[in-house]
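Asker: Please see the structure below; I have some questions.
The values are calculated or read from the model by the stated rules, or taken from the named source; none is laboratory data. Remember, it's a predicted structure, so these values are computed and weren't measured experimentally. Every residue, glycine as well, gets a Cβ built from its backbone with ideal geometry; the counts of neighbours run over all protein chains shown. Surface accessibility is based on the protein's heavy atoms, side chains included, excluding ligands, DNA and RNA. Shrake-Rupley method; radii C 1.70, N 1.55, O 1.52, S 1.80 Å.
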Amino acid sequence: MRKTVFALLSCLLAVSCIENVDFGPELRRKLTVNCILSGNDSIQKLDLKYSGSVGDMFYDAPEEADVRLYADGAEVGRFEKESFARWTLDLEPEAGTTYRLEVKVPGEGEFSAETVMPAPAPVVKRGYSSDQLKTYAQLHGAPPFWMFITRGNSLERRIATNHPYVDGFNALDYIIFTDFGGNGHYPEHLGYLRIGETDFEDEMQFYVEGFQNNVVLVARAVSPEYDRYLKSSLTKAMAYLDVNDPTRYLEENTVYCNIEGGLGIFGAFVDVRIPRNAYTDPPKP
């Protein structure tokens, strides 16, 4: 079960989507639209499928659709179908722009959502302490952003920080590694660090703890919609961590959805990628 949950957490890196579906007697399939605009890419991706029943491994997708994207009210392009359920659009999103997605499917009606492309998170590399403990700085206040460590396509499970604005929603019940030089103990977080909204002008240094040799620390700025989706998805995944807790079968956490008329998520993000390597980082002071 733990391996299954962590595989689910790793899927968040690929901007997948998990949706709560009502499996009651009046179940009917709904159109699911998943599109997360990436400020690091020139080709944007959208997945269009129908929801299914419990246990389904494959899902139907509409044959035709009219999928358009608007920037501050002006149309900037139409998504073209690339494969069974994947649609793409050549576009480099701009920070601060409000994007609106409109989807029309014959016989299904119209679906829409809005999001705003964020500016990059103000996070930079600073000092070097050890293979496990390294120093970063947040240059000024910012909306909520996320941090995680990747090695190739893998997500590092162990991560902690002394950042005073870290969200403890995914903190675990035990302490890892060190106490950040005697400044107190900080809990391990499962996979991700969510840094809440901050408002300050001067640079603030902080540690990130976790294996950081030949890896990349990612600081991901997110739109409010994507922020809510990530937090609700991880909250739901964590409800299944304890295989001995029977209440996990009764959890009712709902994954955030902002598609009007259907299911899914329309959001935006941009990553700041900070490589860390013991052979190229500054020597330990």
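Asker: A 28 angstrom limit on the alpha carbon distance is what I want to check against. Which of LYS45/LYS104; LYS45/LYS236; LYS104/LYS236; LYS125/LYS231; LYS49/LYS236; LYS134/LYS236 exceed it?
Answerer: LYS104/LYS236; LYS134/LYS236
Asker: How large, in percent, is the carbon and sulfur part of the accessible surface of the range 61-164 at a probe radius of 1.4 Å?
Answerer: Of the solvent-accessible surface of the range 61-164, carbon and sulfur hold 45 percent.
Asker: Another question about this same structure. Using a cut-off of 12 Å between beta-carbons, work out the net charge of the residues near ARG86 (Lys and Arg +1, Asp and Glu -1, ARG86 not included).
Answerer: Residues close to ARG86 contribute a combined charge of 0.
Asker: Moving to a separate point now. Residues of the range 152-167 with backbone nitrogen within less than 17 Å of a virtual label 7 Å along the Cα-to-Cβ line of ASP202, please, listed as ranges.
Answerer: Counting backbone N atoms under 17 Å from the label point, the list is 164-165.
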